[in-house]
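Scroll down for the structure; my scribbles are underneath it.
Please treat every number below as a calculation from the coordinates, not as lab data. Remember, predicted model here, so these are calculated numbers, not experimental data. Cβ coordinates were reconstructed from backbone atoms using ideal geometry, including for glycine residues, and neighbour counts include every protein chain displayed.
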């Protein structure tokens with residue numbers, strides 16, 4: 001299982017703050033997970049449509065689309081941070 | 001009359017914080033007042049001995065030795081300020 | 001160790017200052033910054049601002065920057081408190097305190113931390129306006145430049 | 001109008017901050033600095049510091065600088081509180097608060113004011129040390145350089 005989190009307008013567009021899902025077969029990177037989510041669900045597809053506006057963290061560290069992910073990871077998607 | 005004030009170690013060397021005195025005849029500048037005070041009293045002479053370390057204010061504004069003074073003025077002598 | 005706290009409640013500037021410095025005779029200067037919600041944003045009137053964070057990651061990121069500041073300026077103490085949730089104009093948002101032996105270090109560290117917090121810290125802002133509009137704030141280039149001065153990524 | 005106060009009593013950082021900003025929704029950032037008496041001065045242990053000022057002139061000089069800062073950085077409020085008399089290590093000496101629309105102005109004004117206060121303001125300091133010595137502090141060249149950055153006389 002991986003835990004997937006969404007923040008700010010990504011959370012609003014996806015329609016949830018968090019979901020837990022079994023890591024899909026063949027999905028080994030952040031980018032592959034995004035593609036899989038987009039394919040599965042129109043809300044995710046809309047949220048991720050402009051990938052320039054999507055940032056990712058794996059286990060609470062900023063990560064690139066080609067960052068590896070594995071079982072037990074926490075993967076978060078959010079817009080570029082705007083500071084406090 | 002002029003009011004003369006002393007601060008910090010100048011106050012200590014002169015031995016008083018403040019004095020009021022009639023403006024002496026012929027004394028029309030800060031420098032002339034200093035010379036007059038030095039002549040009158042050994043404590044003032046000692047306090048003003050190193051004139052590089054003496055700063056002056058006339059009516060609460062920094063002033064030079066050749067600044068004019070007159071009846072009713074407040075003249076203050078103090079070391080270079082060290083800040084708070 | 002810097003004190004980092006993210007909370008919806010307000011903070012008490014005087015109490016945090018006292019907690020940071022009390023009982024210490026080695027602190028010569030404490031720099032401080034308090035950020036608050038402004039009503040005017042250009043020509044529009046802001047009625048509320050909602051701050052969202054990533055619990056865990058945000059605290060860690062701030063803690064890391066504060067530890068970097070502690071090292072870089074040899075701080076003797078550092079506090080960062082940041083509010084989240086829906087805030088109104090005039091509400092406090094963020095408090096930074098940086099204590100050092102000398103004033104220059106304390107003020108530079110304060111500037112470093114607040115520049116980073118206001119631009120790079122993992123927060124997202126949603127603004128509500130008097131005209132009824134509500135929108136998520138986009139990252140600002142000017143703020144990035146301010147943070148870039150410090151050489152932080 | 002800046003609030004300037006010179007007093008022997010301690011000041012309350014939180015109360016002064018609240019007094020400066022409360023009821024206002026135009027202040028986005030408040031910079032602040034608190035100076036305190038340090039025990040160590042090089043290798044010697046300081047036991048007390050006595051601050052003397054020129055009542056009237058000192059307030060006017062600070063008021064003038066604070067007014068200059070208000071203009072230069074378009075401040076929305078400014079407070080300077082400075083203690084005089086005999087202070088002990090760990091005691092507060094000086095508080096500067098500068099409120100502005102944006103953080104950069106508030107922190108720059110705070111730095112400007114404290115650099116000037118710590119170097120050019122009409123105060124004289126007498127330090128007492130654990131070895132029994134007591135001496136009036138001489139003006140320091142390094143501090144002059146810090147104040148000179150701002151182009152003040």
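Below, the figures for the structure above:
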{"read-out": "Share of Cα-Cα pairs in region C:1-72 lying beyond 16 Å, as whole percent", "value": "67 percent"}
{"read-out": "Inter-copy label distances at residue C:14 (7 Å, Cα→Cβ; nm, one decimal)", "value": "0.6"}
{"read-out": "Helical mean residue ellipticity (222 nm; -39500 (n - 2.57) per DSSP H run of 4+; nearest 500) of chain C", "value": "-10500 deg cm²/dmol"}
{"read-out": "When the protein assembly as shown is reduced to its Cα atoms, the Kirkwood hydrodynamic radius in Å", "value": "25.3 Å"}
{"read-out": "Ascending count of other beta-carbon atoms within 10 Å, so fewest first, for D:120, A:52", "value": "A:52, D:120"}
{"read-out": "Contact order normalised by residue count of region C:50-112, Cα under 8 Å, 6+ apart, percent", "value": "34 percent"}
{"read-out": "Ranked C:113, B:37, criterion: other C-beta atoms within 10 Å, fewest first", "value": "B:37, C:113"}
{"read-out": "P(r) of chain C over all Cα-Cα pairs, binned every 5 Å from zero, in whole percent", "value": "2, 9, 18, 21, 20, 14, 9, 4, 2, 0, 0"}
{"read-out": "Shortest-first distances to equivalent copies, position residue D:138, nm, label 7 Å out along Cβ", "value": "6.0"}
{"read-out": "Residues C:9, C:39, C:16, sorted so that the one with the fewest Cβ neighbours within 10 Å comes first", "value": "C:9, C:39, C:16"}
{"read-out": "Pairwise Cα inverse-distance average, inverted: Kirkwood Rh of chain B (Å)", "value": "12.6 Å"}
{"read-out": "Calculated label separations, residue A:41, copies of the chain, 7 Å along the beta-carbon direction, nm", "value": "8.9"}
{"read-out": "Degrees separating the helix D:103-119 axis from the principal Cα axis of chain D, which is the longest one", "value": "30 degrees"}
{"read-out": "Rounded tilt (10° steps) of D:57-72 against the dominant C-alpha axis of chain D", "value": "40 degrees"}
